[in-house]
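Written below as structure tokens is the structure these notes are about.
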Ligand SMILES: NC(=O)c1ccc[n+]([C@@H]2O[C@H](COP(=O)([O-])OP(=O)(O)OC[C@H]3O[C@@H](n4cnc5c(N)ncnc54)[C@H](OP(=O)(O)O)[C@@H]3O)[C@@H](O)[C@H]2O)c1
């Protein structure tokens, strides 16, 4: 008997990275069956996030972590390791095109994600599952040239940016392009790492949402990429934005034991956007469709 309604000492640990709209809805959902460590960049917002989760009855602690800082990621991994085996990782953090520049978006969406994947692989145990939130944007444009893909496949190389920047003119180095390429590369990272996680008896997958009604989604509709996003949304077979609950459902399923034979895949949760935009995935794309968050 305890007087603390949030204490769930018997539940496994889930680490949720990113405390924005989708991160909080994922934490609430996973919090039904896990103790939650919510890691996000903003210390001030984290206090409020922890309080909100605890008010909902979740056994939650929110900690500051910048995924682009190797020391911060290592500190988080140590903190999680002290709490026992990591059952579930939901990596949700990311920047949309209007939030940073070419380097900034790659730093968070690809380099930071790869740092976290590497740290969490060290914590994985039989039955662990990692779910990385990507984007339909990674599917919507033609795959880049082989020489670009080779650089994207090695995001932790010390000369990553100098190699990448040489392959694009300054005009091509747009936030939108960085967003699309970083999510394309994130999907490839999950496929590439499938055997490493399998060797630990663990699984790794990605989820690619289409337009989802979150504060980030709203920001993109108000920002410089509004027309690109509206053009995409007009193509949605399910003619509305998705909800954070719909992405949390997919993440929870993929992390659960019901998905125990699913690994190395990317699940589109996009209202049919990619299928409608690229009915034949081998055909070339015309127009700037790689732009949704
Ligand atoms: N919304 C959409 O329509 C949509 C569509 C497709 C894919 N996605 C993807 O879904 C994910 C979540 O999106 P969202 O709509 O929930 O966005 P959001 O509300 O802006 O949340 C993103 C979170 O990422 C965190 N973050 C950013 N940089 C970080 C860093 N360096 N270290 C640690 N945390 C960092 C932020 O943390 P702080 O607040 O603590 O700074 C923020 O809370 C993103 O990966 C996004 O690309 C979104």
Quiz item: Out of all the residues in region 59-80, which are farther than 24 Å from residue 183 by Cα, within 19 Å of the chain's Cα centre (by Cα) and either within 10 Å of the ligand (Cβ to nearest atom) or surrounded by 24 or more Cβ atoms within 10 Å (Cβ to Cβ) (or both)?
Solution: 62
Quiz item: What number of residues in region 9-23 are within 15 Å of the ligand (Cβ to nearest atom) and either at negative phi or not in a loop (DSSP other than H, G, I, E, B) (or both)?
Solution: 8
Quiz item: Does any residue of region 164-184 turn out to be surrounded by 18 or more Cβ atoms within 10 Å (Cβ to Cβ), within 29 Å of residue 271 (Cβ to Cβ) and touching a strand residue (DSSP E or B) at 6+ places or on another chain (Cβ under 8 Å)?
Solution: yes
Self-check item: Residue satisfying all of: in region 87-120; assigned to a helix (DSSP H, G or I) and more than 16 Å from the chain's Cα centre (by Cα); nearest to the ligand (Cβ to nearest atom) among these
Solution: 98
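Pull up region 34-63, narrow it to residues that are touching a helix residue (DSSP H, G or I) at 6+ places or on another chain (Cβ under 8 Å) and part of a loop (DSSP other than H, G, I, E, B), then point me to the one that is farthest from residue 254 (Cα to Cα). Quick ask: steps written out before the conclusion?
The first filter runs over region 34-63 and keeps only residues touching a helix residue (DSSP H, G or I) at 6+ places or on another chain (Cβ under 8 Å), leaving 36-40, 49, 52-53, 56, 58, 60-63.
Next, only the ones that are part of a loop (DSSP other than H, G, I, E, B) stay: 56, 58.
Numbers: 56: 23, 58: 20 Å.
Result: 56.
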Quiz item: Only one residue in 130, 124 is away from the ligand (no atom under 13 Å from the Cβ), touching a strand residue (DSSP E or B) at 6+ places or on another chain (Cβ under 8 Å), under 22 Å from residue 14 (Cβ atoms) and assigned to a loop (DSSP other than H, G, I, E, B). Which one?
Solution: 124
Quiz item: Would it be correct to say that residue 228 is over 24 Å from residue 185 (Cα atoms), touching a residue at least 24 places away in the same chain (Cβ under 8 Å) and part of a helix (DSSP H, G or I)?
Solution: no
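How many residues does region 185-219 hold that are closer than 20 Å to residue 163 by Cα and either near the ligand (Cβ under 8 Å from one of its atoms) or surrounded by fewer than 24 Cβ atoms within 10 Å (Cβ to Cβ) (or both)?
Step one: filter region 185-219 for residues closer than 20 Å to residue 163 by Cα, giving 185-186, 188-189.
Of the ones still in play, those that are also either near the ligand (Cβ under 8 Å from one of its atoms) or surrounded by fewer than 24 Cβ atoms within 10 Å (Cβ to Cβ) (or both) are 188-189.
So the count comes out to 2.
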Quiz item: Looking at (1) out of contact with any strand residue (DSSP E or B) (no Cβ under 6 Å at 6 or more places or on another chain); (2) over 18 Å from residue 264 (Cβ atoms); (3) modelled with pLDDT of 95 or more, which is the only condition residue 97 fails?
Solution: (3)
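Test residue 221 against the stated conditions and say whether it is part of a helix (DSSP H, G or I) and within 23 Å of residue 278 (Cα to Cα).
Numbers: part of a helix (DSSP H, G or I): yes; within 23 Å of residue 278 (Cα to Cα): yes.
Against the criterion (part of a helix (DSSP H, G or I) and within 23 Å of residue 278 (Cα to Cα)), residue 221 qualifies.
Taking the criterion of being closer than 23 Å to residue 218 by Cβ and touching a helix residue (DSSP H, G or I) at 6+ places or on another chain (Cβ under 9 Å), would at least one residue in region 79-91 satisfy it? Show your work before the answer.
Let us first name the residues in region 79-91 that are closer than 23 Å to residue 218 by Cβ, namely 90-91.
If we keep only those that are touching a helix residue (DSSP H, G or I) at 6+ places or on another chain (Cβ under 9 Å) as well, we get 90-91.
Within region 79-91, one or more residues are closer than 23 Å to residue 218 by Cβ and touching a helix residue (DSSP H, G or I) at 6+ places or on another chain (Cβ under 9 Å).
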Quiz item: If you take the residues in region 64-79 that are assigned to a helix (DSSP H, G or I) and free of Cβ contacts under 8 Å to residues at least 24 places away in the same chain, which one is nearest to residue 157 (Cα to Cα)?
Solution: 71
Practice problem: Considering every residue within region 24-32, establish whether at least one is more than 12 Å from the ligand (Cβ to nearest atom), without any contact (Cβ under 8 Å) to a residue 40 or more places away in the chain and surrounded by fewer than 18 Cβ atoms within 10 Å (Cβ to Cβ). | Solution: yes
Self-check item: Filter result for the condition that a residue is modelled with pLDDT under 95 and more than 16 Å from the ligand (Cβ to nearest atom), over 166, 83
Solution: 83
Quiz item: What are the residue pairs meeting all of these: first residue in region 34-52, first residue closer than 17 Å to residue 75 by Cβ and within 9 Å of the ligand (Cβ to nearest atom), second residue modelled with pLDDT under 95 and part of a helix (DSSP H, G or I), Cβ atoms under 9 Å, and 6 or more apart or on different chains?
Solution: none
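The values are calculated or read from the model by the stated rules, or taken from the named source; none is laboratory data. Since we're looking at a predicted model, the values are computed, not measured. Positions of Cβ are backbone-derived with ideal geometry, glycine not excepted, and every protein chain shown enters the neighbour counts.
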